[in-house]
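J.: This is the structure I have questions about; it appears just below.
Nothing in this text is a laboratory measurement; each read-out follows from the coordinates by a stated rule. Just so you know, these numbers come straight off a predicted model, no measurement behind them. FYI the Cβ positions are ideal-geometry reconstructions off the backbone, even for glycines, and counts take in every protein chain you see.
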């Protein structure tokens, strides 16, 4: 089914369910080719760049974090730990900038043909993702502080310690950091599953809003 | 051990002699280190991150007369097995042959060769530091302060760990562990004449 037709039919069904089905909406749904295709409302270029930069950074930080945790002391372990911390602080900074950008630039509205529970679920996942973009790095940073290793961003910028040195607290924070990171991983999977469903099952334009490339 | 049975008069002479020695040394007692008020610590850097360490056991043999500092002498002996680092895996690592090789070289020694006074409270002590059988000449700036009967000699000096083969093999990469190590010391001594 062509996408436009799908959208118009869903819109008519939603309107009927809400008891607001107009003749016009019904006519559009019966004869979709008469309605001109709307250009896709996309995220801004900056939002798209930040989304994909963070996607790559988060994936890299997660994989390095998984791999390094049980390494024996070696130059490789020290390198990976520091790269992981540098990536985490970078993610924190980029996320702060991204949140500011997001608040200042209204994203495209969710299409009205989506059932309300799907829109709510997408919004909830997005909110939780943003929350974890901050909580995961902060928990990792606090863990590093408690373990007695201050974070020196890129080996140059000395960041303040979030908590004092405390071995027991360090262990707790390591568990918290890891649990939050796995939660973030799970949400990312849900987010990706939703995107794939829209792209390959529903075949609508939702994913296109966040894909880099030329504007139509 | 061989035991020597001295005749009675000889024993009396020996006793008198040792009493005399004790009296002489009481007149100019050798300075004694107060370990509880002394400290030798160091900071190394892992990819820019400062890692603090310290030695809990060390000794100092000091001769120092503020009126003739150039005649003084410092010998500092550090028990490398007493090193303290922030994590247990670092503690296990540092004794290994690539680092201190503590089993073969349990001690580091600094022996002064010259003392130069800059002013009443500041001195420059030149000497030879030996760690892991490797020696380097050092010039150590030392500030000396006095409070009551306690004289404190404090300062810091930058060492290059690779000059002593500390962190050999895969650890030679100074982009992971920096070559420079800052050593700080504070030696509290009794028995030094007023400045």
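J.: To make sure I understand, if each residue's beta carbon is the centre and we count other beta carbons within 10 Å, what order do A:22, B:44, B:82 fall in, fewest to most?
T.: A:22, B:82, B:44
J.: Treat the count of other C-beta atoms within 10 Å as a stand-in for reagent exposure and order B:161, B:186, B:116 from fewest to most.
T.: Least crowded to most crowded, the residues run B:116, B:186, B:161.
J.: Below 8 Å, C-alpha to C-alpha, sequence gap of six or more: please give me the relative contact order for chain B in percent.
T.: Across chain B, relative contact order equals 23 percent.
J.: Just checking the output field for A:147-156: average partner chain Cβ neighbours within 10 Å of each residue's Cβ?
T.: Average per residue, whole number: 4.
J.: Mind sorting A:52, A:141 by how few other Cβ atoms lie within 10 Å of their own Cβ, fewest first?
T.: A:52, A:141
J.: Enter the mean number of other protein chain beta carbons within 10 Å of the beta carbon of each residue in B:43-49, as an integer.
T.: Average per residue, whole number: 6.
J.: Could you give the length gained by full extension between residue B:41 and residue B:82, i.e. 0.36 nm per residue of separation minus their alpha carbon distance, to one decimal place?
T.: 13.6 nm
J.: Let me ask something additional. Can you compute the equivalent ellipsoid semi-axes for segment B:30-190, i.e. the square root of 5 times each eigenvalue of the Cα gyration tensor, sorted largest first and rounded to whole Å?
T.: The answer is 29, 16, 14 Å, longest axis first.
J.: May I pose another question? How high is the relative contact order of segment A:80-167, given as a whole-number percent (alpha carbon pairs under 8 Å, six or more residues apart)?
T.: Relative contact order for segment A:80-167 comes out at 32 percent.
J.: To continue, here is another question. Under the rule of -39500 (n - 2.57) per DSSP H run of 4 or more residues, summed and divided by the residues of chain B, what mean residue ellipticity at 222 nm is obtained, to the nearest 500 deg cm²/dmol?
T.: -4500 deg cm²/dmol
J.: Report the label-to-label distance for residue A:101 and residue B:173 in nanometres (one decimal), using points 7 Å from each Cα along the Cα→Cβ vector.
T.: So the two model labels end up 3.3 nm from each other.
J.: D for segment A:81-172, whole µm²/s, Stokes-Einstein with Kirkwood Rh over alpha-carbon pairs at 4 °C and 1.567 mPa s: what number?
T.: 85
J.: Here is a further query. For segment A:40-210, what does the relative contact order come out to in percent, with C-alpha contacts under 8 Å and a separation of six or more?
T.: 25
J.: Moving to a separate point now. Using only the Cα atoms, work out Rg/Rh for segment A:61-216, with Rh taken as the Kirkwood radius, to two decimals.
T.: My calculation puts Rg/Rh at 1.05.
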